[in-house]
Amino acid sequence: MTEPTYPDAPPPQYPGATPQHPTVPPHSPQGAPPYPGATPPPYPGTTPPEYPATAPQYPTATPPQYPTSPPPQYPTTAVPPQYPASAPPQYPAASPQYPTATPPQYPAPTPPPQQPPRVPAQGFAPPPAPPQPPVLDRTVDIDPHTGRIHLAARQRGADATAIGQLVFQLPHFLCSLLVIGIISMFLAAPFDYLLIGAWIASGALVFHRPTEKLLARYLFRMRPALHSELTRLEPIWHQVTAKAGVSPETYDLWIEDHKAVNATAAAGHIVGVTRYALETLPDAQLAAVLAHELGHHRGGHAWATLLGYWYSMPARIAWAAFRIAAVIAFQIASVFSLLGALVVGLVSVVVVVAVALSFPPLLLVLVTPYLLAAVGRRSELRADVQAAELGFADAMIEVFHGFLRDEEQALAIAARENGGRAVRPGLGQRLLSSHPDTHTRIRRLEDWRAAAAAAAR
């Protein structure tokens with residue numbers, strides 16, 4: 001193999017001597033294994049190849065020259081095409097008028113009234129005016145031509161329970177007559193007889209509306225209804241009276257500020273309802289309560305009860321005065337001696353027995369409270385039935401179930417206060433109650449409803 005020759009220049013001289021390749025590489029403790037043979041293969045040639053002194057020259061050809069002629073000139077303004085000189089056709093100045101009839105307007109559907117939840121007012125502030133209750137039930141007997149409600153032939157009356165109350169009040173009436181007679185003995189003639197006659201005639205004041213208002217305000221602790229309360233109460237009352245065929249103006253609506261569901265029929269024209277019942281009861285249940293009180297008026301229970309109470313008032317006042325005097329005398333006598341207190345007590349008993357023996361009918365006063373309570377329970381059941389006959393049987397049953405829940409809560413509270421033992425009313429308390437127990441009233445209405453359903457088949 002021959003070395004290549006380079007033109008016109010000697011090869012470059014490497015500095016120093018030609019490097020000798022060691023036979024044993026450094027840092028080898030025993031030496032590397034020898035190559036096969038005596039000597040290693042020689043480096044090719046004796047001298048390295050010579051490189052030319054100057055680098056080869058590349059051609060310096062210039063890039064091609066492009067023509068420098070300017071681009072073609074485009075017109076700077078566009079000349080629009082020329083149309084014929086004739087003017088375009090003229091359209092009529094006024095465009096044709098089309099009918100502007102508007103589409104028929106349909107009445108917008110009235111959304112149903114949204115009834116806000118009733119929140120009992122704090123204190124004695126009047127509640128907000130609730131929405132109007134629904135229109136009268138179509139079962140009400142209304143003349144389709146005149147719109148008049150057909151009034152019943154008998155607006156009020158006196159049933160057996162009302163007559164029974166008057167009869168059992170007779171002993172109290174005799175006691176009052178005795179008291180008035182004793183007072184008249186201190187008057188000169190003819191004022192003694194005038195006093196007795198005026199007292200007997202005073203019973204007519206029970207049906208005198210101004211006197212009834214005084215009794216409702218000061219005796220029954222009622223007040224006239226506010227306008228915001230009448231907004232809800234009057235429409236419901238009109239519906240109840242329409243079902244009964246009674247003129248709504250016959251009775252006056254009053255409010256009792258009491259935190260319980262209750263209503264009252266008093267005198268001859270007073271219908272009272274508690275503010276709590278007005279604020280919490282639904283319309284149907286409130287109508288049922290008002291129908292129950294209307295049943296008391298139609299049966300004569302309200303005026304018979306007040307008339308008996310009116311004629312028994314002189315006897316009640318005399319008995320209360322006698323007890324107060326006896327207690328004061330007993331306390332004064334007991335300060336001085338025990339014997340004096342015993343004498344005062346004995347004299348009081350002798351006076352009571354002597355008066356009772358002088359007028360034997362007065363002994364009935366001892367049993368009339370139980371008889372009047374029994375008649376009162378009967379009148380409540382009759383008023384429930386009259387409300388059911390007007391279509392409020394289901395609503396009355398719902399009201400009574402609310403009464404049961406309240407009674408159970410009251411019994412639970414009384415049991416906790418009594419050490420866990422149940423507190424039930426005794427026999428004497430039940431006999432003197434003027435209202436039947438709630439379970440009896442519910443059962444009576446359920447029986448009436450079942451009988452009415454069987455009769456309708």
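So here's what we get for this one:
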read-out	value
Where a residue in the stretch 180-192 is of a type in the set (D, E, K, R) and its partner, wherever it lies, is surrounded by 13 or more Cβ atoms within 10 Å (Cβ to Cβ), with Cβ under 6 Å and at least six apart	Asp192/Ser184
Check on His238, over 19 Å from Asp384 (Cβ atoms), part of a loop (DSSP other than H, G, I, E, B) and open to solvent by 30 Å² or more (accessible area, probe 1.4 Å)	no
Of all residues in the stretch 255-277 being open to solvent by 10 Å² or more (accessible area, probe 1.4 Å) and hydrophobic (A, V, I, L, M, F, W, C), the one that is farthest from His401 (Cα to Cα)	Ala265
Per-region count, the stretch 188-230, residues surrounded by 18 or more Cβ atoms within 10 Å (Cβ to Cβ) and among the β-branched types (Val, Ile, Thr)	1
Of all residues making up the stretch 336-351, the number that are open to solvent by less than 100 Å² (accessible area, probe 1.4 Å) and within 15 Å of Arg323 (Cα to Cα)	8
The listed residue being under 22 Å from Ser312 (Cβ atoms) and at pLDDT below 90, out of His258, His208	His208
Helices (runs of 4 or more DSSP H) enclosed by the stretch 353-457 - at least 3 residues per element that are closer than 21 Å to Ala287 by Cβ and either open to solvent by 60 Å² or more (accessible area, probe 1.4 Å) or touching a residue at least 24 places away in the same chain (Cβ under 8 Å) (or both)	368-387, 393-417, 438-455
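The values are calculated or read from the model by the stated rules, or taken from the named source; none is laboratory data. Keep in mind that what you see is a predicted model, and the values were worked out from it rather than measured. So basically every Cβ, Gly included, is an ideal-geometry build from the backbone, and we count neighbours across all protein chains shown. Heads up: the accessible areas ignore ligands, DNA and RNA and are worked out on the full protein's heavy atoms, side chains in. Shrake-Rupley method; radii C 1.70, N 1.55, O 1.52, S 1.80 Å.
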